[in-house]
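Contents: one structure, followed by commentary.
All of the numbers you see were taken from the coordinates with simple rules; none came from a lab. All values derive from a computational prediction rather than experimental measurement. With ideal geometry, Cβ positions are generated from the backbone for all residues, glycine too; neighbour counts draw on all protein chains shown.
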Amino acid sequence: MVKKQYNASIDIFKYFCAIMIVDSHVRLINIDKSFLFDLFRYALYFFHVAFAYYFTISLNKDGFDSVKKNIKRLIIPICFWIIIYTLINIYNEILSGKMAIYDFIKLQLVSLFINGTGFHLWFMASLVLYVLFGYLIHKYNLEKVFYKIAIVLYVIGLLGTYYYFVGKNIPILVNFFNYKYFTTYCRIFLHGFPLFMMGMYIANNNDRLMKINDNKLIISLIVLLILIFIETYFMSKVIVVPSNISAISMYLFTFVFLIFLLKHPLNEYSHLGKICKYTSTFMYYSHPLFRTILASLLMRVFNMEISMLMMSFVVVVICTIIGYVLFKINNKYLNLICS
């Protein structure tokens with residue numbers, strides 16, 4: 001059984017992933033689905049696999065207590081931020097006169113159960129599902145079966161997103177790919193769940209994977225990184241694809257990269273790692289809030305807009321500063337909703 005040990009390198013990289021998320025969401029709001037938009041969405045790959053890795057180690061050690069702990073850790077901030085983003089939506093839609101109250105309530109109820117009231121909260125809610133799935137898979141010793149199922153699901157996701165030009169020619173699948181809620185099902189079950197199973201696989205085979213030679217890992221990472229740029233560029237520039245992405249190169253890169261980070265924990269930077277972990281989580285939850293406030297202030301006070309790059313930079317700086325302050329305060333109630 002692998003013991004849960006602190007790993008600073010994973011937490012430091014989470015901070016850079018949070019920056020990628022901020023930039024991709026700023027581009028999404030501005031309908032700029034460019035090469036960088038697709039490239040930066042890699043962050044979700046890493047978040048899924050890292051979460052699954054640590055959850056599985058905890059599950060192997062503590063059993064159902066780990067499930068209760070993780071669900072509590074997820075549900076409290078999800079509920080808090082749902083309220084925050086509902087209030088923002090009320091301001092944006094009702095008070096501005098864009099939408100009638102009845103239509104707003106109907107839309108919010110649908111969004112709550114499908115996408116979350118904030119467009120980014122689906123990820124945190126999906127982790128609750130993965131925790132429950134992971135527990136059942138572990139309890140009934142179905143890991144080996146679901147490792148294979150996860151690969152099949154990911155391939156289906158590939159055919160419905162980056163490789164839609166192939167998938168659209170498969171009669172059995174094309175109707176599913178064109179279904180109006182395909183994006184939701186894809187990112188939870190065809191994208192996120194296979195990545196969650198990857199994290200479980202790494203945790204359950206940790207001892208064997210840690211024996212892989214560093215030189216092999218580094219060479220693999222360099223080759224896969226090149227392939228990520230090629231695949232992402234080709235798909236974003238040459239082929240028009242749906243908004244979800246599932247890339248072969250990113251999937252393989254995540255597997256190798258997590259193993260590399262686990263072998264090189266950089267625990268001499270443990271304090272920095274803990275700051276990065278706290279700040280990255282706070283940034284993920286709060287960045288749409290600060291983007292909305294900043295955009296509104298700039299328009300109302302100065303009647304101006306700023307570039308996507310500058311907007312991303314300012315939001316990252318604000319989230320980092322506030323996240324660091326909250327980390328230093330270390331209040332147990334604030335920690336429940338911010339970390």
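Dipole magnitude for the chain: about 620 debye, using +1 per Lys or Arg Cβ and -1 per Asp or Glu Cβ, origin at the Cα centre.
Ordering Thr292, Thr56 by the number of other Cβ atoms within 10 Å of each residue's own Cβ, fewest first, gives Thr292, Thr56.
Shown for Val256, Val128: other C-beta atoms within 10 Å of each C-beta, ranked fewest to most, produce the order Val128, Val256. Considering all alpha-carbon pairs of region 197-308, what whole percent are spaced by more than 15 angstrom? The share of Cα pairs beyond 15 Å in region 197-308 comes to 77 percent. Model label points for Leu227 and Tyr54, set 7 angstrom from Cα along the Cα-to-Cβ axis, are 2.9 nm apart. For region 166-309, compute the number of Lys pairs whose alpha carbons are separated by less than 26 Å, excluding pairs fewer than 8 positions apart on the same chain. Lysine pairs, 8 or more places apart or on different chains, close enough: 7. Counting only complete DSSP H runs, which helices of the chain cover 18 Å or more along their long axis at the Cα atoms and score a mean Kyte-Doolittle of 0.0 or above? Helices meeting the criterion: 8-29, 42-62, 64-89, 101-114, 122-139, 143-160, 214-237, 248-263, 270-297, 308-329. What fraction of the Cα pairs in the chain, stated in percent, has a spacing above 36 angstrom? Summing the P(r) of the chain above 36 Å gives 19 percent of all pairs.
Residues Glu268, Glu143, Glu231, Glu305, ranked from the fewest to the most other C-beta atoms within 10 Å, line up as Glu268, Glu305, Glu143, Glu231.
Under the simplified labelling scheme, the Ile83-Leu272 pair shows an inter-label distance of 3.7 nm, with each label point 7 Å from Cα along Cα→Cβ. For the peptides 185-198, 202-215, residues were scored by their other Cβ atoms within 10 Å and the scores averaged per peptide; the highest-first order is 185-198, 202-215.
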